[in-house]
Structures are given as structure tokens and as C-alpha cells.
Amino acid sequence: MNVEHLLDIFTSIDANSDGVWEACDKFMNHLIWHKQRLIILGPKIEGLPDNHHTKPGCLYQLSLLFQSVGNCAERKRLITHILKLGRERGSDRWVARALGDLAIVNREMGLHEEGVQLAREASGIYKRLGDTVEQARCLNHLARLLHQNKELDAAEEAASRAIDLVSEKGEQYLVCGSHRVLGNICHSKGEIEKAINHFETVLKIASSSNWKDELFWAHCGLAQLFLKEGRLNDMHDHLERAKAHVVNDAYKLGRTMELQTRLCYAQHRLEEARSEASRAADVYEKLGAVQDLERCRKLLQRIEEEMNKPVASGHLDFNREFLQIVLLRVRINSPF
């Protein structure tokens, strides 16, 4: 807070200083990685002249802070402004970066078709610039969008192409992410063994570098896969491993609560399932994660409907007969 207060003072004294705004850029980047929250400097950043050298960079970091607190609408508004600045300045790199980030935001907002077009455009610009790493990153985003839009073959092709572009360039983090996407795609296609192999590749790569984020999502992917396959012990094992990588991330905590809900529901532990679903919904609501909240509320409604179902008479008769047998055996074996 002291750093932010000083930056606020310095920007008030000399709002045109590149050095102060570059320091602001770095300060926001630090918050993104270490303490995700919004800052009071937002209005000053947006108030900078459009021709100010540091404005695109500061707007970009500010947009990431909005992403970190789950505010997709504000992030999209800021990136749209960055795209405008990039086009006005004739900067292909800023245009491509903005298009790629808009694709991500649209995916988070459920606007898959719009996101697909943006990701393809960004990938094309990076290909023209000869930047295979950023091209692969965009292909990775494209694959996730196509997957969510149920274009599974096209999604698999995009993720595989991303791996081909960077597998020999030492970009293991990107390779890792692409395998995770392929795991989800193969799961959706019913190719279970291929999906497991991709997730295990992610775990192998991520473990060697202790990439907690990739480890978390790979374990979540395997937990969801085993749940669908009815392998609940395996599901529980990977869910517990995912929980170990939550750290202080509220969204990840919400996802583990949701997975715990689904496990309890599958085991017909309805009271526990309802409790976990309510907790997950509270997390999603506080973060403004609209899609996740809607999905969780539907799950909660399904649980409550199950709990309110009248017990079938045949089931009651069976329980009554079973109880009578138990009591009879108790009487027979009783010493009194």
C-alpha cells in the first residue's frame, strides 16, 4: 500500500513521466503474481492521453488485475481499448496481443464463436511476424474455444499444431498446457486412454518444474475423467492431490469444492453434497464467475430435488423387513 500511495503522489506531480508509469506497470505485474487485488490508480491510467508511450502496457496490466478478481466485463472493455490503440499506432504486436486476450475473455464469458475468430486472427498475425511461440499460445487458446464449441476434431488439430511449433524450442510450459487441452478434448471424444496419457504427460512435465497451476488442472482433469468412468476411488485420489495445489487461489478452491460435491453426489452422500455445492456457489458468486455459478446452482438444484424425492414404498417395505430380521436375530442371540 505504501508503494501504491507513492505512485499515486508521483503521478499527480508529473503525470507525463514515462519512468513513473513504467514503475506502475511493474507494480501491477507484482500484484498479479503475489497479491491479486485492484488498485486506486485505475482512473489515472485510463485518463492518460492515448498517445502516451506507456498507456497500452499499463492498461494491459490493469486488465490482468480485473481478470484476477473475476471481472471479465471490465477486462474486455480495457483490452478493446488496447486493440484500438494498437491499430491506431500500426503496432501488429499490440493488435495480436489484444486479439489473443479478447479471445480468452470471450471464452470465459461463453462467447465461443466470437473467441474462435479472434484467436485465429491473432494466430495469423503472429505467423506473419514469425513468432512461433506466440502463435502456439494462440493456437492453444483456439483449441480450448473450439473444444467448448464442440468442434472436437478442429480443437485437437489446433492443440497438436501448438505442440509441433514449440516442442523443440524449450517452451515446456506451453507444451504442458497443450497436452492438458488435448486431455480434455480426448475425454470429450470418449478416447479415455489417450486422455489419461495426455494428463500423465502434463503431470510428468509439471512435476519436474513444480508448476503448481498445471499440476492442479491436470489432477482436476483426471478427477473429472474418473468420475465419469465411475472410478470413484481414483477420482478421490486425484481430487485430494488437486487440493494440495490450491494455495491461496479462491477460484481453484471453488473448483475443488464443486468436484467434492460431484463425488459426494455420486456416492449418494446428499447432505455433504448440498453443503459443498453451497460453499462453491458462494465462492463463484464473490468472484463474479457467472458461468461457474450457473453450473453450480444447477447442480445444487439437482441435489435438492434428489433429497426431496419421496422414498418408494417398495424401498420402505424392504427397510422394514430388514429391520425386523435384525431385531429377531438380536432377540435370539440375547442372553436375557
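The values are calculated or read from the model by the stated rules, or taken from the named source; none is laboratory data. None of the values given here were measured: they were computed from a predicted structure. For neighbour counting, all protein chains shown are included, and Cβ atoms are generated from backbone atoms with ideal geometry for every residue, glycine included.
Beta carbons closer than 6 Å, at least 6 apart along the sequence or on distinct chains, pair a first residue in segment 52-79 that is in a helix (DSSP H, G or I) with a second that is surrounded by fewer than 21 Cβ atoms within 10 Å (Cβ to Cβ) and acidic (Asp, Glu) for Gly57/Asp25; Cys58/Asp25; Gln61/Asp25; Phe66/Glu74; Cys72/Glu108.
For (1) polar (S, T, N, Q); (2) in contact (Cβ under 8 Å) with a residue 24 or more places away in the chain; (3) surrounded by fewer than 21 Cβ atoms within 10 Å (Cβ to Cβ), each residue gets a yes or a no:
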residue	(1), (2), (3)
Leu182	no, yes, no
Gly190	no, no, yes
Val202	no, yes, no
His219	no, yes, no
Leu222	no, yes, no
Leu232	no, yes, yes
His245	no, yes, no
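Tell me which of these Leu48 doesn't satisfy, since it passes every other one: (1) farther than 28 Å from Leu129 by Cα; (2) of a type in the set (A, V, I, L, M); (3) in contact with a Gly (Cβ under 7 Å, 6 or more places away or on another chain). Of the numbered conditions (1) farther than 28 Å from Leu129 by Cα; (2) of a type in the set (A, V, I, L, M); (3) in contact with a Gly (Cβ under 7 Å, 6 or more places away or on another chain), the odd one out for Leu48 is (3). Could you please find all residues in segment 84-100 being farther than 19 Å from Ser63 by Cα and in contact with a helix residue (DSSP H, G or I) (Cβ under 6 Å, 6 or more places away or on another chain)? Result: Asp92, single match. Within segment 63-82, restricting attention to residues that are surrounded by 20 or more Cβ atoms within 10 Å (Cβ to Cβ) and modelled with pLDDT of 90 or more, the residue that is farthest from Ile32 (Cα to Cα) is Ile82. Filtering segment 6-27 down to residues that are of a type outside the set (Asp, Glu) and assigned to a loop (DSSP other than H, G, I, E, B), which residue is modelled with the lowest pLDDT? Out of the qualifying residues, it is Ala15.
When segment 274-309 is filtered for residues that are out of contact with any Leu (no Cβ under 8 Å at 6 or more places or on another chain), among the aliphatic types (A, V, I, L, M) and assigned to a helix (DSSP H, G or I), the ones remaining, listed by number, are Ala280, Leu287, Val290, Leu293, Leu299, Leu300. Out of segment 158-178, which residues are acidic (Asp, Glu) and surrounded by fewer than 16 Cβ atoms within 10 Å (Cβ to Cβ)? Across segment 158-178, the qualifying residues are Asp164, Glu168. Only one of the listed residues (Ala277, Ala250, Ala206) is free of Cβ contacts under 8 Å to residues at least 60 places away in the same chain and surrounded by fewer than 19 Cβ atoms within 10 Å (Cβ to Cβ). That residue is Ala250.
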